[in-house]
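Reviewing the structure listed below.
The values are calculated or read from the model by the stated rules, or taken from the named source; none is laboratory data. Being a predicted model, the structure only gives us computed values, none of them experimental. Backbone-built Cβ (ideal geometry, glycine too); neighbour counts: all protein chains shown. SASA here: full protein model, heavy atoms, side chains in, ligands and nucleic acids out. Shrake-Rupley method; radii C 1.70, N 1.55, O 1.52, S 1.80 Å.
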Amino acid sequence: MPEERARPVENTGEVVAAAIIVDGRLLLAQRTRPPELAGLWELPGGKAEAGESAEDALRRELREELGVEVSGGDRIGDDVPLPDGRVLRAYRVQLVSGTPAALDHAELRWVDERELGEIDLVGNDRGWVPDLRLHLNGR
Ligand code: DCM
């Protein structure tokens with residue numbers, strides 16, 4: 001029998017994604033990489049570092065990617081399991097200061113409820129649309 005191969009190391013962290021809503025519009029960001037995701041739109045965010053809370057990860061990622069300060073972090077939608085073992089989670093955050101800029105994305109767009117239904121989201125984020133609609137309608 002062949003010797004058992006070492007199993008690939010599973011990453012266990014969280015990937016955080018931010019729903020920033022201002023005046024009934026949600027901020028979406030267009031990815032530049034990897035090639036299979038380039039051109040698709042997402043809630044901005046990224047991988048939490050070891051020992052970092054979700055809120056700290058959101059604050060760091062949005063500072064890096066958009067040049068803004070945010071606060072808060074109420075969960076939106078369901079967990080999305082990623083193939084590498086991480087879990088992707090969306091949070092509603094408030095803009096504290098700054099104007100979002102596409103520092104790490106191709107482009108940014110503020111979408112209303114109708115536009116949210118028409119834009120090409122990355123597959124992982126599509127399940128959040130019903131919850132995002134509720135937030136765009138109600139709050
Ligand atoms: N990701 C996603 N949707 C988001 C944010 C991230 O599907 N709103 C995924 C893409 C990558 C992983 O999470 O597989 C890490 O994101 P990044 O490449 O932006 O660091």
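Annotations
- A single entry from A54, A101, A106, A18 fulfils the requirement of being modelled with pLDDT of 95 or more, buried (at least 22 other Cβ atoms within 10 Å of the Cβ) and not charged (D, E, K, R): A18.
- If you go through the stretch 71-88 and keep only what is open to solvent by less than 60 Å² (accessible area, probe 1.4 Å), at negative phi and not polar (S, T, N, Q), you end up with I76, V80, L82, D84, R86, V87, L88.
- Qualifying positions in the stretch 109-134 - open to solvent by less than 40 Å² (accessible area, probe 1.4 Å), more than 17 Å from D23 (Cβ to Cβ) and not aliphatic (A, V, I, L, M): D125, W128
- In the set W128, W110, only one residue is in contact (Cβ under 8 Å) with a residue 60 or more places away in the chain and more than 14 Å from the ligand (Cβ to nearest atom); that residue is W110.
- Per this entry, V68 is counted among residues that are aliphatic (A, V, I, L, M), open to solvent by less than 20 Å² (accessible area, probe 1.4 Å) and either more than 10 Å from the ligand (Cβ to nearest atom) or modelled with pLDDT of 95 or more (or both).
- Subset of the stretch 21-51 [modelled with pLDDT of 95 or more, small (G, A, S), closer than 16 Å to R86 by Cβ and surrounded by fewer than 17 Cβ atoms within 10 Å (Cβ to Cβ)]: none
- Residues in the stretch 89-98 that are under 11 Å from I20 (Cα atoms) and either hydroxyl-bearing (S, T, Y) or surrounded by 15 or more Cβ atoms within 10 Å (Cβ to Cβ) (or both): A90, Y91, R92, V93, L95.
- Breaking point among (1) out of contact with any His (no Cβ under 8 Å at 6 or more places or on another chain); (2) not in a strand (DSSP E or B), for T32: (1)
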